[in-house]
Amino acid sequence: MPRIAYFGPQGTFTEQAALRFGSELVPVDTIQLAIASVRKGETEFACVPIENSVEGAVPATLDALVRDEPVVAVAETVLDVRFSVLVRPGTTEIKTIASHPHALAQVREWIADSLPGVTSIATSSTAAAAAAVERGEFDAAVTAPVAVHHYKLDEYATDVLDVADARTRFLLLRRPGSLPEPTGADRTSVVVTTPNRVGVLSELLTELALRGINLTGLESRPTKGKLGEYRFYIDVEGHIAEPRIGDALAALHRHSREIRFLGSFPKADHEPVEARNDEFAAAATWVDAVRKGERG
Ligand SMILES: O=C(O)C(=O)C[C@]1(C(=O)O)C=C[C@@H](O)C=C1
């Protein structure tokens, strides 16, 4: 059974996501360590959060994906997110509440209404907050519902969420190797660093639009070099094996100072992607024939 390092400790949302991909799970304390474990070959896979419907992209994941040796996504999954608030048995007063910053941001209004005046404290993950509450460091933790089974804590509140239907998307990463087969319902992800000149981002997006490619995500992160220099994370519908996607990525390569492929993999929603692959194949056949002098 291949092993999957995941953003832990036990009881995180990421553990729930990783369980959908396999059962040999290795908890590590940070997103960086999960991805490093794949880079070093300690585990074949890593499972990390990438995007939340309320709070947006997970910066720690975006940054770790461009550092060091390449890793690629081979699968994704989406979890419904709702939180529990856990306390030590017998707790009567809550002065501090801890969790992952993304989790705190998703229950900010609930905290203001239900626990006015408490101090919110950021921890490395939701489960790390539960562990800290168990040790007596804080009074309450905002966690995944399953965390109550891993820590000696009681439920103070369940189904806590400011925005209904919150969802988080997770990636399964591995070292570059053979790609997942195209399914007709795929996503492709790349990160590019562009030269700093007028119109470059619009040129990138035009390359996609011209080929009828649907953009599903666009994020920017600083390169951490010069102030004002950014990397763009681009998610599109389609698989690099499809001519129009391969063509578009080649065009992005021409416009970029650096480009890193982050994977082509089946979308979690399995919604078929409207593609114009027949037109692209017919066009390529025609060019081929013209080159051979067989067609005019
Ligand atoms: O701390 C966890 O439990 C995580 O898996 C991380 C994470 C996130 O990064 O967004 C995952 C889902 C929730 O939105 C809150 C936290």
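Miscellaneous remarks
- Area of residue 158 that stays accessible when all protein chains are in place (1.4 Å probe, Å², to 10): 70 Å²
- Relative contact order, whole percent, for the range 148-296 stands at 31, derived from Cα pairs under 8 Å and 6 or more residues apart.
- Alpha-carbon centroid distance for the pair the range 1-72 / the range 90-129, whole angstrom: 24 Å
- Accessible heavy-atom area order of 210, 172, highest first, probe of 1.4 Å: 210, 172
- Of the trypsin sites (Lys or Arg not before Pro) found in the range 171-235, those in coil by DSSP whose Cβ has at most 12 other Cβ atoms within 10 Å are 197, 224, 226.
- Residue 270/residue 92 FRET efficiency (R0 45 Å; Cβ-Cβ; nearest 0.05): 0.40
- By the rule of a C-alpha distance below 18 Å, with chain neighbours fewer than 8 residues away ignored, the aspartates and glutamates paired with residue 226 are 63, 258.
- Choice from 81, 198, 26 showing the highest fluctuation, given a GNM over the chain with Cα pairs closer than 10 Å: 198
- Accessible surface calculations at 1.4 Å, restricted to protein heavy atoms, place the chain at 49 Å² per residue.
- Taking Lys and Arg as +1 and Asp and Glu as -1, the other residues whose beta-carbon sits under 15 Å from that of residue 266 total -3.
- Of the solvent-accessible surface of the range 20-179, computed with a 1.4 Å probe over protein heavy atoms with every protein chain present, carbon and sulfur atoms account for 48 percent.
- Mean Cα-pair separation over length for the chain, i.e. relative contact order, pairs under 8 Å, 6 or more apart, %: 21 percent
- The sum of -39500 (n - 2.57) across all DSSP H runs of n ≥ 4, divided by the residue count of the chain, sets its helix-only mean residue ellipticity at 222 nm to -8500 deg cm²/dmol.
- Each residue of the range 51-65 is assigned a 3J(HN,Hα), and the resulting list reads 7, 10, 5, 9, 9, x, 5, 9, x, 4, 6, 4, 5, 5, 5 Hz, derived from the Karplus form 6.51 cos²θ - 1.76 cosθ + 1.60 (θ = phi - 60°), x at Gly and Pro.
- The label point for residue 201 and the one for residue 3, both projected 7 Å from the Cα toward the Cβ, are 4.1 nm apart.
- Highest-MSF residue in the chain out of 92, 188, 43 [GNM, Cα springs under 10 Å]: 92
- Cα-based reach from residue 95 at 27 Å (exclusive), listing lysines while leaving out same-chain residues under 8 positions away: 152
The values are calculated or read from the model by the stated rules, or taken from the named source; none is laboratory data. Worth saying up front: this structure is predicted, and the values here are computed from it rather than measured. All Cβ positions, glycine included, derive from the backbone under ideal geometry; neighbour counts span all protein chains shown. To get the accessible areas, we keep the full protein, side chains included, count just its heavy atoms, and leave off ligands, DNA and RNA. Shrake-Rupley method; radii C 1.70, N 1.55, O 1.52, S 1.80 Å.
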